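First comes the structure, then the notes that go with it.
Since every read-out is calculated from the coordinates, none of them should be taken as a lab result. This is a predicted model, so every value here is computed, not measured. So basically every Cβ, Gly included, is an ideal-geometry build from the backbone, and we count neighbours across all protein chains shown.
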Amino acid sequence: MRIVSGMRPTGKLHIGHYFGAIDNWLRFQKEHECFFLVADWHALTSDYQDTSDIPSHTQEMVIDWLACGVDPEKAIVFQQSQVKEHAELYLLLSMFTPLGWLERNPTFKEQKQQITDKDISNLGFFGYPVLQATDVMIYKGQGVPVGKDQVPHLEITREIARRFNNLTKTEIFPEPEAILTETPKIMGTDGRKMSKSYHNSISLSDDENSVEKKIKSMVTDSNRLRRDDPGNPDACNLFPLHKKYSPMDTQQEVRQGCTTASMGCVDCKKILLPNINNWLNPIREKRLDLENKPNRVREILHTGNQKARQVATSTIEEVRKTLHLAS
Ligand code: TRP
Ligand code: SF4
């Protein structure tokens with residue numbers, strides 16, 4: 001199966017990114033042909049006014065991918081903007097995309113309401129899902145590991161692929177499927193969705209001190225007001241972290257202690273801390289190593305860009321022929 005996924009270059013990643021997507025990337029790169037892209041053009045759809053952070057954010061993000069175990073020997077790791085064929089297919093697919101599909105896109109409606117500090121009433125932002133569809137379709141992607149928030153975009157991708165195939169009476173593009181990671185969802189320290197802009201995230205690059213501070217400040221079961229009150233792990237932000245990081249018997253011990261009030265939240269957090277740190281340690285180490293080799297990341301991207309370009313070129317030639325645009 002062909003797998004395509006990407007992330008906007010937002011800089012250092014947090015554990016929500018890991019369990020929301022990278023976890024799946026690592027599984028798929030073992031057995032499938034994978035394309036993982038830095039969606040730098042997507043970053044521009046809302047942040048075109050100041051693009052100066054893109055290089056450093058790309059560097060930081062790719063370092064995190066590699067530190068987590070994304071393997072450039074197995075997967076093609078590349079930059080969207082360096083494969084210009086994306087731009088051509090984007091243009092062509094835009095002809096096949098009815099405005100209604102974009103107007104109805106829930107992410108678009110939501111962000112237009114929520115984003116008030118930037119002007120996003122531009123064509124590029126409106127066309128965001130078409131650009132994303134292009135990323136997947138140009139590699140004939142069949143599976144797209146993403147977080148749940150991307151499902152509407154995948155739906156639009158499928159519709160564009162279907163419409164293109166129908167109108168051209170071809171089967172050039174497969175209809176890709178979203179591949180979601182299993183729950184439980186990792187929440188931020190304040191109980192909202194983990195997100196850099198909320199300042200509630202635990203980064204893959206956080207040192208032991210800051211992880212400790214963050215875990216200590218994390219809100220738990222809001223109904224457990226006093227130490228003597230029994231708690232409910234299933235209504236607690238912290239418990240999903242135990243599910244990810246603590247061994248099964250510890251999880252059971254915590255559940256038991258919490259629901260009978262024999263364990264307090266402070267102790268519960270103390271048990272979690274070394275488990276998170278054990279998991280983060282090898283990532284921190286690889287990160288440090290890569291930070292000392294800035295050329296390494298550049299080389300990996302350069303090779304990835306070339307490999308991606310080859311596949312993208314062959315698709316675009318096929319599309320040109322189909323649309324009678326060949327020279
Ligand atoms: N829109 C995705 C996000 O914000 C990033 C993305 C860009 C992507 N191109 C993609 C995801 C292609 C999957 C496939 O997370
Ligand atoms: Fe959450 Fe642990 Fe407190 Fe229970 S004891 S509410 S699981 S932090």
task = May I ask you to sort Thr303, Thr322, Thr157, Thr116 by Cβ crowding, counting other Cβ atoms within 10 Å and putting the fewest first?
result = Thr116, Thr303, Thr322, Thr157
ask   = Roughly what angle does helix 265-291 make with the longest principal axis of the chain, taking Cα atoms, 0 to 90 degrees, to the nearest 10?
value = 40 degrees
note = Kirkwood Rh for the chain from C-alpha pairs, in Å, is 21.4 Å
request  = Scan around Ile179 for amide H atoms under 5 Å from its own, H built in the peptide plane at 1.01 Å from N, and keep only partners 5 or more places away or cross-chain.
outcome  = Val144, Val146
ask   = What residues have an amide H closer than 5 Å to that of Ile76, excluding those fewer than 5 places away on the same chain, when H is modeled at 1.01 Å from N in the peptide plane?
value = Cys34, Phe35, Phe36
key: 0 to 90° range, to nearest 10: angle between helix 151-168 axis and the chain longest Cα axis   = 20 degrees
ask   = Using alpha carbons only, how many degrees (0 to 90, rounded to 10) separate the axis of helix 294-322 from the longest principal axis of the chain?
value = 40 degrees
query = Given H placed 1.01 Å from N in the peptide plane, which residues other than close sequence neighbours of Ala261 have an amide H under 5 Å from its amide H?
reply = Gly231
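For segment 35-161, what class follows from the C-alpha gyration tensor (a ≥ b ≥ c being the square roots of its eigenvalues): rounded when a/c is under 1.5, otherwise prolate if a/b is larger than b/c, else oblate?
It comes out oblate by the Cα gyration axes.
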ask   = Among bridges DSSP assigns within the chain, what percent are antiparallel (round to 5)?
value = 10 percent
query = For segment 251-318, rounded, prolate or oblate, judged on the Cα gyration tensor with a ≥ b ≥ c (square roots of eigenvalues), a/c < 1.5 rounded, else prolate if a/b > b/c?
reply = oblate
query = Which of these, Thr220, Thr51, Thr189, has the largest mean-square fluctuation under a Gaussian network model of the chain (Cα springs below 10 Å)?
reply = Thr51
Net dipole in debye of the chain [+1 Lys, Arg Cβ; -1 Asp, Glu Cβ; about Cα centre; nearest 20] = 220 debye
task = Name the shape class, rounded, prolate or oblate, that the alpha-carbon gyration tensor gives for segment 160-310, where a ≥ b ≥ c are the square roots of its eigenvalues, rounded holds for a/c under 1.5, and otherwise prolate holds if a/b is larger than b/c and oblate otherwise.
result = oblate
query = Counting each DSSP H run of 4 or more residues in the chain as -39500 (n - 2.57), what helix-only mean residue ellipticity at 222 nm follows after dividing by all residues, to the nearest 500 deg cm²/dmol?
reply = -16500 deg cm²/dmol
key: Charge-dipole axis of segment 133-211 as Lys and Arg at +1 and Asp and Glu at -1 on Cβ define it, positive-most pick from Val211, Ser201, Leu154   = Leu154
task = Give me Tyr198, Tyr128 ranked fewest to most by other Cβ atoms within 10 Å of their Cβ, as a rough exposure proxy.
result = Tyr198, Tyr128
task = Just report the Cα centroid separation between segment 128-205 and segment 285-327, whole Å.
result = 20 Å
query = How big is the gap, in Å, between the Cα center of segment 1-46 and the Cα center of segment 239-254?
reply = 27 Å
ask   = Going out from 0 in 5 Å bins, what whole percent of all Cα-Cα distances in segment 206-288 drops into each bin?
value = 3, 15, 26, 24, 15, 9, 4, 2, 1
